[in-house]
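Here the structure is laid out as structure tokens; the discussion comes afterwards.
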2 protein chains.
Amino acid sequence: MSPDPRLFIDTPLAAGAHIALERDQTHYLVNVMRREAGSGVRVFNGRDGEWQGVLSDVSKRAAVLEITTRLREQVGVPDLTLCFAPVKKARTDFIVEKATELGAARLRPVITRRTQSERVRVDRLQAIAREAAEQTERLCLPDIAGPVSLDQMLDQWPAATRLIFCDEAGEGEGPWGGTTGRPMPMADMLRVEADTGRPWAILIGPEGGFAPEERDRLRGLDFVRPVTLGPRILRADTAALAALTLWQAALGDWR
Amino acid sequence: MSPDPRLFIDTPLAAGAHIALERDQTHYLVNVMRREAGSGVRVFNGRDGEWQGVLSDVSKRAAVLEITTRLREQVGVPDLTLCFAPVKKARTDFIVEKATELGAARLRPVITRRTQSERVRVDRLQAIAREAAEQTERLCLPDIAGPVSLDQMLDQWPAATRLIFCDEAGEGEGPWGGTTGRPMPMADMLRVEADTGRPWAILIGPEGGFAPEERDRLRGLDFVRPVTLGPRILRADTAALAALTLWQAALGDWR
């Protein structure tokens, strides 16, 4: 038997609450999942944990959900932000879906010199993140900010937050300039950083990589940790997922 | 300036060779990438490294590539196989693309009890892998086998190869049965396994997870290493990518 469907609902959840479902949620439960009055539904709101609900007053367009018992206490995700240059639509969607599954707390679209897709529909990305959270047992949604330029982001960077700089496309252009040499493999960097519970962020560039002046600025900042992700050049979406995975396994909630 | 386009060509490569390009390759270079006679193209065949080529005799339907100098020596990928239950078409495509980028040597579709998509078009998956290899500087294509049942695969398993068993959907059903308890986080398992250069494989189930009898069989085999990938339940494609990443970082060519 498959588990009860699971919905994010932006409403306080407590035993005995009666919640009028929105039209699209009713449509999903009644017309897509074929649930009827008496069917179980699990809900979460990002604050009160996960609750069991039971459908009542079901019609094609509206339904009421009665909240019964708490299934799980609220747990958050580690303080990890993914800063990514928007790429083609389907790949941006993948980044948002996968970053949600992999437990990023915050997603931040960043416009770099070579970013080709500057239009970011935050509401659309939020809907993708919500569905990913619903389907993968996550108890909160990632916070998705509107786009910001790389320079502006770095100007306002909180000094305690480490920024992992994955310069995939840059690697193909030859050895790194400057005196610092080739960056460390990301797993090695994470091993030498003490686990002090500080916030972290990951920066992924556009398909064309970072511009030389962007790379120079990044490498000169003391909160930045340049890393490599292996000998092949990963696409932006792959690099984002791989970096999130390595961070969660080393410093996050996969331990 | 963007780097020269890069093509896989199943032909011996050596300085001075003249290669008549296939029609779809000509179309890509001439009509899509707008290359002309004299343009540079990089080629690899999975055996002879990467070579610089120069286009000549260009028409809309045919072109000749003259091979000049070797750019890189041939390097392979580590002996890592991804065994995965085919899922929906777009997610299967994603698994193949990402596994190629992440350096899997072999992809093996596996039919489990709860696998919903038993039709696997190997030629289609090969085309996806080829494009991913071309675009991410990989020097060889992954070997993609036809589908096999899980039981048959396990019956014929080479005893020296470790099989990492990622039982994502199973975790949601409660604590593991048996005396072995909950599996280790994958990164911990990789740390305790000695790096003896033996072959490894990763097994990812279908969206519905493994059936109880499949899980029992897997957990009873001494070459199997059950692992968890964090507290959220990852979709099959995300689990595949995360497991490949952790393996490459710990035992593969990302070190």
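The values are calculated or read from the model by the stated rules, or taken from the named source; none is laboratory data. Since the model is a prediction, treat every value here as computed from it, not as a measurement. Here Cβ is always computed from backbone atoms with ideal geometry, including for glycine, and neighbour counts include all displayed protein chains.
Of all residues in the stretch A:1-35, which are among the acidic types (D, E) and either loosely packed, with under 12 Cβ neighbours inside 10 Å or within 14 Å of another protein chain (Cβ to nearest Cβ) (or both)? Lay out the reasoning, then the answer.
Going residue by residue through the stretch A:1-35, those that are among the acidic types (D, E) are A:4, A:10, A:22, A:24.
A:D4, A:D10, A:D24 - these are the residues of the stretch A:1-35 that are among the acidic types (D, E) and either loosely packed, with under 12 Cβ neighbours inside 10 Å or within 14 Å of another protein chain (Cβ to nearest Cβ) (or both).
Every residue, every condition in (1) within 12 Å of another protein chain (Cβ to nearest Cβ); (2) touching a residue at least 24 places away in the same chain (Cβ under 8 Å); (3) within 13 Å of A:R255 (Cβ to Cβ), yes or no:
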position	(1), (2), (3)
B:M184	yes, yes, yes
B:E193	no, yes, no
B:L203	no, yes, no
B:G209	yes, yes, no
B:R217	no, yes, no
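Inside the stretch B:93-126, can you point out the residues that are away from every other protein chain (no Cβ under 12 Å) and in a loop (DSSP other than H, G, I, E, B)?
B:A105, B:T112, B:R113, B:T115, B:Q116, B:S117, B:E118, B:R119, B:V120, B:R121
Select from the stretch B:241-255 the residues that are more than 22 Å from B:A159 (Cα to Cα), buried (at least 20 other Cβ atoms within 10 Å of the Cβ) and either more than 8 Å from every other protein chain (Cβ to nearest Cβ) or at pLDDT below 95 (or both) and list them in ascending order. Full working, then the answer.
So in the stretch B:241-255, the residues more than 22 Å from B:A159 (Cα to Cα) come out as B:241-242, B:245-246, B:249, B:253-255.
Now restrict to residues that are buried (at least 20 other Cβ atoms within 10 Å of the Cβ): B:241-242, B:245-246, B:249, B:254.
The one that is more than 22 Å from B:A159 (Cα to Cα), buried (at least 20 other Cβ atoms within 10 Å of the Cβ) and either more than 8 Å from every other protein chain (Cβ to nearest Cβ) or at pLDDT below 95 (or both): B:W254.
Among the numbered criteria (1) in contact with a strand residue (DSSP E or B) (Cβ under 9 Å, 6 or more places away or on another chain); (2) at pLDDT 90 or above, which single criterion is violated by B:P3?
So the condition that B:P3 fails would be (2).
Among the listed residues A:A17, A:A90, which satisfies the condition of being closer than 30 Å to A:A201 by Cα and hydrophobic (A, V, I, L, M, F, W, C)?
On the way: A:A17 fails: closer than 30 Å to A:A201 by Cα.
Exactly one residue qualifies, and that residue is A:A90.
Farther than 14 Å from B:W247 by Cβ and in contact with a Phe, Trp or Tyr (Cβ under 7 Å, 6 or more places away or on another chain): does that describe B:P206?
Numbers: farther than 14 Å from B:W247 by Cβ: yes; in contact with a Phe, Trp or Tyr (Cβ under 7 Å, 6 or more places away or on another chain): no.
Considered against the rule, which asks whether it is farther than 14 Å from B:W247 by Cβ and in contact with a Phe, Trp or Tyr (Cβ under 7 Å, 6 or more places away or on another chain), B:P206 comes out as no.
Could you tell me which numbered condition B:D237 fails, if it satisfies all but one of (1) assigned to a helix (DSSP H, G or I); (2) acidic (D, E); (3) more than 14 Å from chain A (Cβ to nearest Cβ)?
It fails just one condition, (3).
Scan the stretch A:190-214 for residues that are assigned to a helix (DSSP H, G or I) and either farther than 25 Å from A:V96 by Cβ or among the hydrophobic types (A, V, I, L, M, F, W, C) (or both) and jot them down. If you could, list the steps in order and put the result at the bottom.
Filtering the stretch A:190-214 for residues assigned to a helix (DSSP H, G or I) gives A:190-192, A:212-214.
Within the stretch A:190-214, A:L190, A:R191, A:V192, A:P212, A:E213 qualify.
Test A:L218 against the stated conditions and say whether it is touching an Asp or Glu at 6+ places or on another chain (Cβ under 9 Å) and either under 17 Å from A:T245 (Cα atoms) or not in a strand (DSSP E or B) (or both). Quick ask: steps written out before the conclusion?
Working: touching an Asp or Glu at 6+ places or on another chain (Cβ under 9 Å): yes; either under 17 Å from A:T245 (Cα atoms) or not in a strand (DSSP E or B) (or both): yes.
The answer is yes for A:L218.
Report whether or not B:A90 is part of a helix (DSSP H, G or I), more than 25 Å from B:Q152 (Cα to Cα) and assigned by TED's automatic domain parsing to the domain that holds B:D237. Reasoning before the result, please.
Details: part of a helix (DSSP H, G or I): yes; more than 25 Å from B:Q152 (Cα to Cα): yes; assigned by TED's automatic domain parsing to the domain that holds B:D237: yes.
Yes: the conditions hold for B:A90.
Give the residue that is farthest from B:V64 (Cα to Cα), with candidates limited to residues of the stretch B:10-27 that are outside any strand (DSSP E or B) and out of contact with any Lys or Arg (no Cβ under 9 Å at 6 or more places or on another chain). Steps first, answer last, please.
At the first step, the residues of the stretch B:10-27 found to be outside any strand (DSSP E or B) are B:10-17, B:21-27.
Restricting the remaining residues to those that are out of contact with any Lys or Arg (no Cβ under 9 Å at 6 or more places or on another chain) gives B:10-11, B:16-17, B:21-22, B:24-25.
Values: B:D10: 15, B:T11: 13, B:G16: 12, B:A17: 10, B:L21: 6, B:E22: 9, B:D24: 13, B:Q25: 11 Å.
Restricting to residues being outside any strand (DSSP E or B) and out of contact with any Lys or Arg (no Cβ under 9 Å at 6 or more places or on another chain), the top hit is B:D10.
Quick check on the stretch B:50-66. Is at least one of its residues within 13 Å of chain A (Cβ to nearest Cβ), touching a residue at least 24 places away in the same chain (Cβ under 8 Å), more than 28 Å from A:R91 (Cβ to Cβ) and surrounded by fewer than 19 Cβ atoms within 10 Å (Cβ to Cβ)? Reasoning before the result, please.
Filtering the stretch B:50-66 for residues within 13 Å of chain A (Cβ to nearest Cβ) gives B:50.
Those still in the list that are touching a residue at least 24 places away in the same chain (Cβ under 8 Å) too: B:50.
Then drop every residue that is not more than 28 Å from A:R91 (Cβ to Cβ), which leaves none.
No, there is no match, as no residue in the stretch B:50-66 is within 13 Å of chain A (Cβ to nearest Cβ), touching a residue at least 24 places away in the same chain (Cβ under 8 Å), more than 28 Å from A:R91 (Cβ to Cβ) and surrounded by fewer than 19 Cβ atoms within 10 Å (Cβ to Cβ).
Take A:E73 and decide whether it is within 14 Å of another protein chain (Cβ to nearest Cβ) and either within 19 Å of A:A211 (Cα to Cα) or surrounded by fewer than 15 Cβ atoms within 10 Å (Cβ to Cβ) (or both). First the steps, then the outcome.
Working: within 14 Å of another protein chain (Cβ to nearest Cβ): yes; either within 19 Å of A:A211 (Cα to Cα) or surrounded by fewer than 15 Cβ atoms within 10 Å (Cβ to Cβ) (or both): yes.
When the stated conditions are applied, A:E73 passes them.
Could you list all residues from the stretch B:235-255 that are of a type outside the set (A, V, I, L, M, F, W, C) and closer than 15 Å to A:P231 by Cα?
B:T245, B:Q248, B:G252, B:D253, B:R255
List the number of the failed condition for B:P78; all other conditions in (1) buried (at least 23 other Cβ atoms within 10 Å of the Cβ); (2) touching a residue at least 60 places away in the same chain (Cβ under 8 Å); (3) under 23 Å from B:A249 (Cβ atoms); (4) not basic (K, R) hold.
(1)
Is one or more of the residues making up the stretch A:63-84 in the same structural domain as A:L246 (by TED's automatic domain parsing), part of a helix (DSSP H, G or I) and not small (G, A, S)?
no
Give me the residue from the stretch A:191-214 that is at pLDDT 95 or above and crowded, with 18+ Cβ neighbours inside 10 Å and, out of that set, farthest from A:L82 (Cα to Cα).
Among those residues, the one meeting the criterion is A:E214.
Any residue in the stretch B:138-159 that's assigned by TED's automatic domain parsing to the domain that holds B:D123: show its pairings with residues that are basic (K, R) and in a loop (DSSP other than H, G, I, E, B) at Cβ separation under 7 Å, as long as the two are six or more apart or on different chains.
Every condition considered, the pairs that remain are B:R138/A:R232.
Among the residues of the stretch A:30-62, how many are basic (K, R) and either assigned by TED's automatic domain parsing to the domain that holds A:D167 or assigned to a strand (DSSP E or B) (or both)? Spell out the reasoning first.
Taking the stretch A:30-62 and keeping what is basic (K, R), we get A:34-35, A:42, A:47, A:60-61.
Filter once more, keeping what is either assigned by TED's automatic domain parsing to the domain that holds A:D167 or assigned to a strand (DSSP E or B) (or both): A:42.
Result for the stretch A:30-62: 1.
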